[in-house]
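These notes are about the structure you will find just below.
The values are calculated or read from the model by the stated rules, or taken from the named source; none is laboratory data. Treat the numbers as computed from the prediction; the structure is a model and nothing was measured. Neighbour counts run over all protein chains shown; Cβ positions are idealised from the backbone, glycine included.
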Amino acid sequence: MNTTSNIGLTFYQNLGKLFYAVAASDKVVRGSEYDSLKKIIKTEWVHVDDLQDEFGADAAFQIEIIFDWLNDKELSAEEAFNDFKNYYNENKHRFSNTIKIMIWNTVNTIAGAFSGKNKSELTMLANLKLMFDR
């Protein structure tokens, strides 16, 4: 695997951290949130680029792999969000306006997947919006 692939895989892995943070912000990852994420990966994220992992799967599936792993590990939403924030601040050049819009649409879909958006999800979304607007 070359450096470009590693950078790409890391990008998707960090998106997995962000999407997990939004889903876990209320301390419970609901099945509907996870199902919404899987659907968006298959319909939107796999079309972003042609990058594949070492097994030949679309690199966008790293989002789901990391999401699952963090959910099993029960990492706090705050820690996952901070990991994403650090990655974002060090790699802003990888986040075009189109990618930011896709991220925003994804987090809104995840947050609204179970009985609308709650206070903790709204707080997480507000923090992401502030980060993207800087």
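Here LEU70 clears all of (1) modelled with pLDDT under 95; (2) more than 17 Å from PHE132 (Cα to Cα) except the condition numbered (1). One residue alone among LYS92, LYS100 is in contact (Cβ under 8 Å) with a residue 24 or more places away in the chain and basic (Lys, Arg), and that residue is LYS100. Per the listing PHE67, PHE55, PHE61, the residue uniquely aromatic (Phe, Trp, Tyr), more than 12 Å from the chain's Cα centre (by Cα) and more than 20 Å from ASN89 (Cα to Cα) is PHE55.
Condition check ((1) closer than 22 Å to ASN127 by Cβ; (2) touching a Lys or Arg at 6+ places or on another chain (Cβ under 7 Å)) across all residues:
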residue	(1), (2)
ALA24	yes, no
LYS27	yes, no
LEU37	yes, no
PHE55	no, no
TRP104	yes, no
ALA111	yes, yes
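Restricting attention to region 26-39, the residues that are in contact with a Phe, Trp or Tyr (Cβ under 7 Å, 6 or more places away or on another chain) and not in a helix (DSSP H, G or I) add up to 1. Among the residues of region 88-117, those identified as among the hydrophobic types (A, V, I, L, M, F, W, C), crowded, with 19+ Cβ neighbours inside 10 Å and either modelled with pLDDT of 95 or more or within 14 Å of LEU128 (Cβ to Cβ) (or both) are ILE103, VAL107, ILE110, ALA111.
When we screen LYS42, LYS27, LYS85 for residues that are of a type in the set (Lys, Arg), in contact (Cβ under 8 Å) with a residue 24 or more places away in the chain and surrounded by 14 or more Cβ atoms within 10 Å (Cβ to Cβ), the only hit is LYS85. The conditions of being at pLDDT below 95 and aromatic (Phe, Trp, Tyr) are met by PHE55. In region 30-39, the residue that is nearest to ASN118 (Cα to Cα) out of those that are surrounded by fewer than 17 Cβ atoms within 10 Å (Cβ to Cβ) and not charged (D, E, K, R) is SER32.
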